[in-house]
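Take a look at the structure set out below.
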Amino acid sequence: MANHYETVFIMTPVLSEDQMKETVQKFENILTGKGAEIVHQENWGLRKLEYPIQKKSSGFYHLFEYKADGNMVGELELQFRRDERIMRFLTVTMDKYAIAFAEKRRSNHKEKVTKEEKPVVEKEIVNEEPQTEEKA
């Protein structure tokens, strides 16, 4: 039976955009090659770290949400340890509440993106001079 997992990993900030995409593609291929079903993935981009890791203060974050067998996670984490581009990773098993929260987060994110894509027409603000009352 396949469990639902979420893995977040941090890549070193010295990677170029192409190298970062290549690294993500490598781990995506590992997952799909071993029979995992990728439910969702997010690129969180370059973020500042809370504390230095390998003398670096930032890193590229990426999230995979997938369904796989338990032994698949061990193989994936072994590949994370072997890859020098990965600074940290964390895999968690998702229960029904975490799955519901992730679905809600994804739907909110989609709504937010569609709102941002619509052109926003702003009203032109006319600088009006303040009216003064005349004393009689």
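Numbers below:
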read-out: Of all residues in the stretch 37-82 being out of contact with any Leu (no Cβ under 8 Å at 6 or more places or on another chain) and among the hydrophobic types (A, V, I, L, M, F, W, C), the one that is nearest to residue 16 (Cα to Cα); value: 46
read-out: The stretch 37-56: number of residues that are modelled with pLDDT of 90 or more and of a type in the set (Gly, Ala, Ser); value: 0
read-out: Matching residues, the stretch 1-27, being within 23 Å of residue 101 (Cα to Cα) and either at pLDDT below 90 or under 15 Å from the mean Cα position of the chain (by Cα) (or both); value: 1, 2, 3, 5, 6, 7, 8, 9, 10
read-out: Odd one out for residue 100 among (1) part of a strand (DSSP E or B); (2) surrounded by fewer than 14 Cβ atoms within 10 Å (Cβ to Cβ); (3) among the aliphatic types (A, V, I, L, M); (4) without any contact (Cβ under 8 Å) to a residue 60 or more places away in the chain; value: (1)
read-out: First in the stretch 11-28 and within 16 Å of residue 42 (Cα to Cα), second anywhere and part of a loop (DSSP other than H, G, I, E, B), Cβ under 6 Å, 6 or more apart; value: 11/85; 23/85
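The values are calculated or read from the model by the stated rules, or taken from the named source; none is laboratory data. If you're wondering where the values come from, they're calculated on a predicted model, not measured in any experiment. Positions of Cβ are generated from backbone atoms using ideal geometry, with glycine treated the same way; all protein chains shown enter the neighbour counts.
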